[in-house]
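Notes for the one structure printed next.
Just so you know, all these numbers are worked out from the coordinates, no wet-lab data involved. All of these numbers come straight from a predicted model, not from anything done at the bench. Positions of Cβ are backbone-derived with ideal geometry, glycine not excepted, and every protein chain shown enters the neighbour counts.
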């Protein structure tokens, strides 16, 4: 029996984000991250993956969203919702902060959440950097 493979096309990767196997979901998110701006049509699916039960999938989905730069503003509400989870793993929190930073000034609604994230030692510097990127003129 052959191991399942992650598709290489955008549509297949987007579908794989909902696969029952968390390893495949994570690999799909990684592939979408590596596609950079070409993965923009997958933003809604990546935003949905921020609610995935697997920490690695959530983290990598946030990383893939961050790679979209300012275009990620279209999923800002999903990023804000994910960042408001006080039980979220620090790796995911850092990836969310990176996504806010990539969006830039349009992510201003995230500043209060980022200030809360600064209280978490392993997230502090990433959150502070995101605040600077959002507020720089």
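Rounded to two decimal places and with Rh computed the Kirkwood way over Cα pairs, what is Rg over Rh for the chain?
0.99
Considering Cα pairs under 8 angstrom that are at least six residues apart, work out the relative contact order of the chain and quote it in whole percent.
With pairs under 8 Å counted, the relative contact order is 18 percent.
With axes computed from alpha carbons, what is the tilt in degrees of helix 55-66 against the longest principal axis of the chain, rounded to the nearest 10 within 0 to 90?
So the helix axis and the longest Cα principal axis differ by about 70 degrees.
Please give the helix 90-103 orientation as an angle from the longest Cα principal axis of the chain, in degrees from 0 to 90, rounded to the nearest 10.
In the chain, helix 90-103 runs at an angle near 80 degrees to the longest axis.
Label-point separation (nm) for residue 70 and residue 89, each offset 7 Å from Cα along Cα-to-Cβ?
If labels sit at residue 70 and residue 89, their model points lie 3.3 nm apart.
For the chain, with a Gaussian network of springs between Cα atoms less than 10 Å apart, report the residue from 122, 58, 25 with the top mean-square fluctuation.
Looking only at 122, 58, 25, the biggest GNM fluctuation is shown by 122.
Using a Förster radius of 30 Å, what is the FRET efficiency between residue 108 and residue 23 based on their Cβ-Cβ separation? Nearest 0.05, please.
E(calc), rounded to 0.05, equals 0.25.
Subtracting the Cα-Cα distance from 0.36 nm times the residue separation, let me have the gained length for residue 137 to residue 15 in nm, one decimal.
Length gained between residue 137 and residue 15: 40.0 nm.
How do 111-119, 96-104, 44-52 rank on mean C-beta neighbours within 10 Å, highest first?
So the order, starting with the most tightly packed, is 96-104, 44-52, 111-119.
Roughly what angle does helix 124-135 make with the longest principal axis of the chain, taking Cα atoms, 0 to 90 degrees, to the nearest 10?
80 degrees
Counting each DSSP H run of 4 or more residues in the chain as -39500 (n - 2.57), what helix-only mean residue ellipticity at 222 nm follows after dividing by all residues, to the nearest 500 deg cm²/dmol?
The helix contribution divided over the chain gives -17500 deg cm²/dmol.
For segment 64-121, just the Cα atoms, rotate onto the principal axes and tell me the three extents in Å, largest first.
28, 20, 17
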